[in-house]
Amino acid sequence: MNTIQHTDGLIAALFTPLHPDGSVHYELLPALVEHLISTGISGIFICGSNGEGPNLTLEERMQVSETVIQAGKGRLRMIVHVGHASIAEARKLARHAQEAGADAISSVAAFYFKPTSVQNLADCMTDIAAGAPELPFYYYHIPSLTGFSVDVLDFMCIAEKQIPNFAGVKYTAATLWEYQECLNHEGGKYDVLYGFDENHLPALSMGAKGCIGSTFNFAAPLYLKVREYFEAGEMEKARKQMLFCVEMVRIVVQYPPIPAQKAVMKMLGFDMGPCRLPLVTLSDEQYQELNRQLTEIGFFKFLGQ
């Protein structure tokens, strides 16, 4: 792969809707894709943390990917997360993503038997990326969930030499100084996507263009407004708008984050169903309190609800 496409805009880390019995609600996925397009989203990250990818079977992950890609291909950039505790299964998911028409793939580090070094991580990612040699590959750095942290710049220096389709990193950590180093590695050659929603404005100031986020599913207009002000040089307005985003995130993370965000989607008319254990769906009391808090800060009013 000679030319690396640099992402510009917001990529939503898509939720996976479930029926009340816990089975995947595939039929709702096309409507979710249309919703995201209407809010100004540029792409979708499929079966990642937000999509409960590790809680789905391989067959479910494949069908979710196929359904979403079919619904939005050509209109949104489709990145499929293929990470798995088994490298062999991750490679199988990578191969399927390529066959299904994905635009790129991404993988977390193995999270049971964890990599033992930067080189070991690179070897694992090389094996996975080889499953889809025609697709750009992004390493998904999210130490808060994998329990594995690494010097990402060191990883990039190895990956660019041994992964032919290495395109960049999905960087989901608060260490903005390292993110900036990665962003500028080799003159900014690689596509380094930022993944902490509440650091969106600081990331933009570092030079971020493409960002992947969970709250982009229901609050994309808020972040697009931040970007609009930032690009216009209206920094006071950008800071004020970003503060509102931070206040929203602070409310959501008082609860288990993924169940809480699925609840927000329900408030906006998309019943995402329950979560799978060990994630626990919000109680009715939690749901009502979350709704009250978001209403109090004017969240729904801003979105025109």
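The values are calculated or read from the model by the stated rules, or taken from the named source; none is laboratory data. Here the structure is a predicted model, which is why all the values come from computation and not from measurement. All Cβ positions, glycine included, derive from the backbone under ideal geometry; neighbour counts span all protein chains shown. To get the accessible areas, we keep the full protein, side chains included, count just its heavy atoms, and leave off ligands, DNA and RNA. Shrake-Rupley method; radii C 1.70, N 1.55, O 1.52, S 1.80 Å.
Just so you know, in region 144-156 the residues that are among the aliphatic types (A, V, I, L, M) and modelled with pLDDT under 95 include one that is farthest from ASP191 (Cα to Cα), and it is LEU145.
Selection of region 1-31 for residues being open to solvent by less than 30 Å² (accessible area, probe 1.4 Å), in a loop (DSSP other than H, G, I, E, B) and on the phi < 0 side of the Ramachandran plot yields ILE4, THR7, LEU14, PHE15, THR16, PRO17. Screening GLU66 with (1) closer than 19 Å to VAL82 by Cα; (2) in a loop (DSSP other than H, G, I, E, B) gives one miss only, at (2). Here MET78 passes the criteria (1) without any contact (Cβ under 8 Å) to a residue 40 or more places away in the chain; (2) in a helix (DSSP H, G or I); (3) open to solvent by less than 50 Å² (accessible area, probe 1.4 Å) except the one numbered (2). Inspect all residues belonging to region 259-269 and state whether any of them is touching a helix residue (DSSP H, G or I) at 6+ places or on another chain (Cβ under 6 Å), without any contact (Cβ under 8 Å) to a residue 40 or more places away in the chain and closer than 19 Å to PHE196 by Cα. Checking region 259-269: at least one residue is touching a helix residue (DSSP H, G or I) at 6+ places or on another chain (Cβ under 6 Å), without any contact (Cβ under 8 Å) to a residue 40 or more places away in the chain and closer than 19 Å to PHE196 by Cα. The residues of region 125-152 that are under 20 Å from the mean Cα position of the chain (by Cα) and open to solvent by 40 Å² or more (accessible area, probe 1.4 Å), listed by number, are SER144, LEU145, GLY147, SER149. Per the listing ILE128, ILE212, the residue uniquely among the hydrophobic types (A, V, I, L, M, F, W, C), assigned to a helix (DSSP H, G or I) and either out of contact with any Cys (no Cβ under 7 Å at 6 or more places or on another chain) or over 30 Å from LEU294 (Cα atoms) (or both) is ILE128. Taking region 228-252 only, how many residues are within 24 Å of CYS182 (Cβ to Cβ) and within 18 Å of the chain's Cα centre (by Cα)? Here the count works out to 3. For ASP103, the criteria (1) of a type outside the set (Gly, Ala, Ser); (2) buried (at least 21 other Cβ atoms within 10 Å of the Cβ); (3) within 25 Å of ASP8 (Cβ to Cβ) hold in every case but one, which is (2).
If you go through region 174-198 and keep only what is open to solvent by less than 30 Å² (accessible area, probe 1.4 Å), assigned to a helix (DSSP H, G or I) and not hydroxyl-bearing (Ser, Thr, Tyr), you end up with LEU176, GLU178, CYS182, LEU183, HIS185, ASP197.
Answer with yes or no whether LEU243 is exposed (fewer than 15 other Cβ atoms within 10 Å of the Cβ) and not polar (S, T, N, Q). Criteria met by LEU243. Summed over region 23-45, residues that are closer than 14 Å to GLY213 by Cα and charged (D, E, K, R) total 0. Considering ALA122, ALA159, ALA97, ALA109, the condition of being at pLDDT 95 or above, open to solvent by less than 10 Å² (accessible area, probe 1.4 Å) and part of a loop (DSSP other than H, G, I, E, B) is satisfied by ALA109 alone.
Reported count of residues in region 249-276, each being in contact with a Gly (Cβ under 7 Å, 6 or more places away or on another chain) and open to solvent by less than 10 Å² (accessible area, probe 1.4 Å), is 0. In region 46-63, the residue that is least open to solvent (accessible area, probe 1.4 Å) out of those that are in a helix (DSSP H, G or I) and acidic (Asp, Glu) is GLU60.
Only residues that are small (Gly, Ala, Ser) and touching a Pro at 6+ places or on another chain (Cβ under 6 Å) were counted across region 18-74, and they come to 1.
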